[in-house]
1. Determine the dipole magnitude for the range 52-127: charges of +1 sit on the beta-carbon of Lys and Arg, -1 on that of Asp and Glu, nothing else is charged, the reference point is the Cα centre, and the result goes in debye to the nearest 20.
2. Kirkwood hydrodynamic radius (Cα pairs, Å) of the range 49-94?
3. At a Förster distance of 30 Å, what's the computed FRET efficiency of residue 132 paired with residue 225, Cβ-Cβ distance as r, to 0.05?
4. Return the percentage of antiparallel bridges among DSSP beta bridges fully within the chain, rounded to the nearest 5 %.
5. List, largest first, the extents of the alpha carbons of the range 206-294 along their principal axes, each in whole Å.
6. For residue 356 and residue 266, calculate 0.36 nm times their separation in residues minus their Cα-Cα distance, and state this gained length in nm to one decimal.
7. For the range 137-206, what is Rg from Cα atoms divided by 2.2 N^0.38 Å, rounded to two decimals?
8. Consider a paramagnetic label point 7 Å from the Cα of residue 184 along Cα→Cβ; state which residues of the range 45-64 have an amide N under 12 Å from it.
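Throughout, read-outs are computed from the coordinates displayed, never taken from laboratory work. From a predicted model like this one, the values you see are computed outputs, not experimental measurements. Here the Cβ is made from the backbone with ideal geometry for all residues, glycine too, and neighbour counts use every protein chain on show.
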Amino acid sequence: MTSFHPPEVLLLGPGPSPVAKRVLDAMARPTIGHLDPRFVGMMDELKELLRYAFETGNTLTVPISAPGSAGMEAAFVNLIEAGDKVVICQNGVFGARMRENVIRIGATPIMVNDPFGMPIDLEKTEAALKANPGVKALAFVHAETSTGVESDAAALCKLAQEHGALSIVDAVTSLGGIPLRVDAWGCDAVYSGSQKCLSAPPGLSPLTFSDKAVAALKSRKTPVQSWFLDLGLVMNYWQGSGARAYHHTAPINMLYALHEALLMFKEEGREAAFARHRQNHLRLVAGLATIGLDLLVAESARLPQLNAVKVPEGVDEGAVRKRLLTDFNIEIGAGLGELAGKIWRIGLMGTGSTAESVDRVVHALGVCLGARRA
Ligand SMILES: *Cc1c(COP(=O)(O)O)cnc(C)c1O
């Protein structure tokens, strides 16, 4: 056996997104102790950078030491207790995972379902909140990566507030790609992932809790069932003043990478990054039209960072993806769940959102589809 040398692949799927050399270089810097005061200084900066990205002043803003799914689980296990009722809006694959989390806690999910490819229906959500007084939380996915749909997070968080419920927001794919104004919208528990629009390697889940969410955590009747994800314990490590209590060994070099990726995001500026995502999305839509391809989602609900492209009649979608990877070194995603075989998912996330990425994938798709017709 010898060292593993992966090929250079242009990552235009649903995540991971391309990681800049600058971020990879940061990760290769010397590992130091996770209680070393210089590391602790970096952690403080990292929390500040996360607050910039989330547009929040929330004290409890940390990266969970595990991927986005752990951020999801952390939000649910810390806020929800057995017997609670939770309204879950599902319009794609990830809402089903929220439901699974709630069931495993021993709480009751109240589902509001919308078809894959459509945004969450606000009226149906409001009706569910009205019909179920005393709901503990309203949970939804802001940017559905499985379908390429954006839902109205501001309106959904407002509905939660009006009904005395906490909002739990999956922002795994939205953070860094489209506006996510945690404080202005009054979001309570929001989690994300490092490998989507932030373009750091996978393995970390930025998370932020409002004061209201922290109060709910502190007034629990039962201990958080997960020791590892218990934010009360995690906070003693990330927030202890001076002496920080050991909880688990932080993924030190991964945190260097996230720090660097967030620094790049801040240097570009939030609004500039959002505009770039939108611009390259429009370039992709125009390019796809020239080769006869159309998007699944109505224009008003399209995510710029995740484009669900309809597979034309008679085309073997798997064969096209395989050829993109082997002949062009481009990775795109397949459809999930009921959209399997029906769509491709082209991610233009973070550093992957460039004019060059768009032109390369449109050219390669054109070749693959042309070859089929010939
Ligand atoms: C990717 C993703 C997740 C899961 O994140 P992992 O890092 O793969 O665990 C959750 N929700 C959404 C919307 C996602 O796109």
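1. Working: 5 positive and 9 negative charges, 47 e Å.
It comes to approximately 220 debye.
2. Details: mean 1/r = 0.0773 Å⁻¹.
It is 12.9 Å.
3. Details: r = 24 Å, r/R0 = 0.78.
Given R0 = 30 Å and the Cβ-Cβ separation, E is 0.80.
4. Working: 20 of 39 bridges.
DSSP beta bridges in the chain are roughly 50 percent antiparallel.
5. 58, 30, 22
6. On the way: separation 90, 0.36 × 90 = 32.40 nm, distance 2.24 nm.
So the chain would gain 30.2 nm between residue 356 and residue 266.
7. Numbers: Rg = 11.9 Å, N = 70, 2.2 N^0.38 = 11.1 Å.
Ratio of Rg to 2.2 N^0.38 Å for the range 137-206: 1.08.
8. Label zone hits: 55-56.
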